[in-house]
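S.K.: To start, I am sharing the structure in question, which I have written as structure tokens.
The values are calculated or read from the model by the stated rules, or taken from the named source; none is laboratory data. Since the model is a prediction, treat every value here as computed from it, not as a measurement. Note that each Cβ is placed from the backbone with ideal geometry, even for glycine, and that neighbours are counted across all protein chains shown.
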């Protein structure tokens, strides 16, 4: 039989799929799937996955589970939920309508000149709207978690972000994932002296201000506010900092800064990261790439290549994917980008890891997250075909064992305006007896 087969009565189907985000975690047995475990076991054919209490409890063959919902996968691929990259999901609804965008904080003018005060204390997470339309659109495409991050502001410190699980819950953020974002490179503005040299100068000044044992002196002009110094000090104590930077020479400067001060750096962008792949691998520094970047958009991106991911992976650099150019509403295009990276030399398993286990590891989600193994969160996606092929669709998404609605504003608009009797194109996936 084609499609999903749910061995449940129709009334239960309505209860499970009518209001997916409010449903309780279900005990379920996904049977006969092609399970991409993202563990040392690799891909397991014709395998069952048992879920209880929102977590995977067993992976194996011919499993039995009394009272559990049984889902017949019929050999289809089952993966962990996918990482949506570094996005504005939930904090940016319509990019050209400022009232719906909460990604930056340009507040407070400098007493000493034009520009804005750097605010490392700025945190986007209080503005997060779990009911944002873009979240439902991307979740139905298999995206179950994303780094909700501030946007480049031209003031050096963009602010703080964190990983959110996109399940509509009241407490979606993973505390261990908190990250300070720094805007560097060609976005230097009047506020940072129009110079990369000024950016690194101000970064060192902010660091000295935030470190203990640096009392205020008479006449001192401080870069950061008192709260900003307090927040930045926490990141200097072994915290995670994401540096938006493309040029190889700037990546070297970032790595030297991180080594001096004991922070955990993440390179975001990294168009020329492959030029310093050996150094990144030796420093164990991960890179978040735009996998579809083939031509330079700025002079910092000269030498950009779709082979960047494959070159970094061969050198031993942890690689993750994001999709800056697609915008918040299309964060799910990271899946297409991963497939393109495979076409340019990245091993298939490494591409899937870049969307699952690697971001889970880098951002501190726990050793079982981003995988399918006993103890891992039941954040799962059942696909119609190869998940890195654009012709494949997510047939069902679960977060914490709860089935998520596969309807979105896009599917509603499609169905409303599609001419009557038109049969071309895939219909929205629906469960069948």
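S.K.: What's the number of the condition residue 419 fails, among (1) part of a loop (DSSP other than H, G, I, E, B); (2) loosely packed, with under 15 Cβ neighbours inside 10 Å; (3) at pLDDT 85 or above?
M.R.: Looking at each condition in turn, residue 419 falls short on (3).
S.K.: Identify all residues within segment 292-321 that are in contact with a strand residue (DSSP E or B) (Cβ under 9 Å, 6 or more places away or on another chain) and at pLDDT below 95; write none if there are none.
M.R.: Those that are in contact with a strand residue (DSSP E or B) (Cβ under 9 Å, 6 or more places away or on another chain) and at pLDDT below 95: 293, 300, 301.
S.K.: From the list 34, 52, which residue is over 29 Å from residue 348 (Cβ atoms), at pLDDT 90 or above and under 29 Å from the mean Cα position of the chain (by Cα)?
M.R.: 52
S.K.: Only one of these is crowded, with 18+ Cβ neighbours inside 10 Å, over 20 Å from residue 199 (Cβ atoms) and in the same structural domain as residue 161 (by TED's automatic domain parsing): 248, 244, 343, 277. Name it. Spell out how you get there, then give the answer.
M.R.: Working: 248 fails: over 20 Å from residue 199 (Cβ atoms); 244 fails: over 20 Å from residue 199 (Cβ atoms); 343 fails: crowded, with 18+ Cβ neighbours inside 10 Å.
277 is the lone residue from the list that is crowded, with 18+ Cβ neighbours inside 10 Å, over 20 Å from residue 199 (Cβ atoms) and in the same structural domain as residue 161 (by TED's automatic domain parsing).
S.K.: With the checklist (1) part of a helix (DSSP H, G or I); (2) under 21 Å from residue 204 (Cβ atoms); (3) under 23 Å from the mean Cα position of the chain (by Cα) in hand, flag the one item residue 260 doesn't pass.
M.R.: Going through (1) part of a helix (DSSP H, G or I); (2) under 21 Å from residue 204 (Cβ atoms); (3) under 23 Å from the mean Cα position of the chain (by Cα) one by one, residue 260 breaks only (3).
S.K.: Let me ask something additional. Does segment 69-100 hold any residues that are in contact with a helix residue (DSSP H, G or I) (Cβ under 9 Å, 6 or more places away or on another chain) and surrounded by fewer than 19 Cβ atoms within 10 Å (Cβ to Cβ), and which are they?
M.R.: 69, 94, 95
S.K.: Right, next: Looking only at segment 41-54, which residues are crowded, with 17+ Cβ neighbours inside 10 Å and more than 16 Å from residue 79 (Cβ to Cβ)?
M.R.: 50, 52, 54
S.K.: While we're looking at this one, here's another question. Yes or no: residue 296 assigned to a loop (DSSP other than H, G, I, E, B), closer than 30 Å to residue 132 by Cβ and in the same structural domain as residue 197 (by TED's automatic domain parsing)?
M.R.: Considered against the rule, which asks whether it is assigned to a loop (DSSP other than H, G, I, E, B), closer than 30 Å to residue 132 by Cβ and in the same structural domain as residue 197 (by TED's automatic domain parsing), residue 296 comes out as no.
S.K.: Within segment 332-340, can one find any residue that is without any contact (Cβ under 8 Å) to a residue 60 or more places away in the chain, more than 16 Å from the chain's Cα centre (by Cα), assigned to a loop (DSSP other than H, G, I, E, B) and not assigned by TED's automatic domain parsing to the domain that holds residue 61?
M.R.: no
S.K.: Shifting gears a bit: Checking the conditions here, which among 254, 249 is outside any strand (DSSP E or B) and without any contact (Cβ under 8 Å) to a residue 12 or more places away in the chain?
M.R.: 249
S.K.: Considering segment 290-326 alone, what residues qualify as being in contact with a helix residue (DSSP H, G or I) (Cβ under 9 Å, 6 or more places away or on another chain), in contact (Cβ under 8 Å) with a residue 60 or more places away in the chain and closer than 26 Å to residue 144 by Cβ?
M.R.: Passing the criteria: 320, 321, 322, 323.
S.K.: Filter segment 170-189 down to the residues that are farther than 16 Å from residue 104 by Cβ and modelled with pLDDT under 90, then identify the one that is nearest to the chain's Cα centre (by Cα).
M.R.: 170
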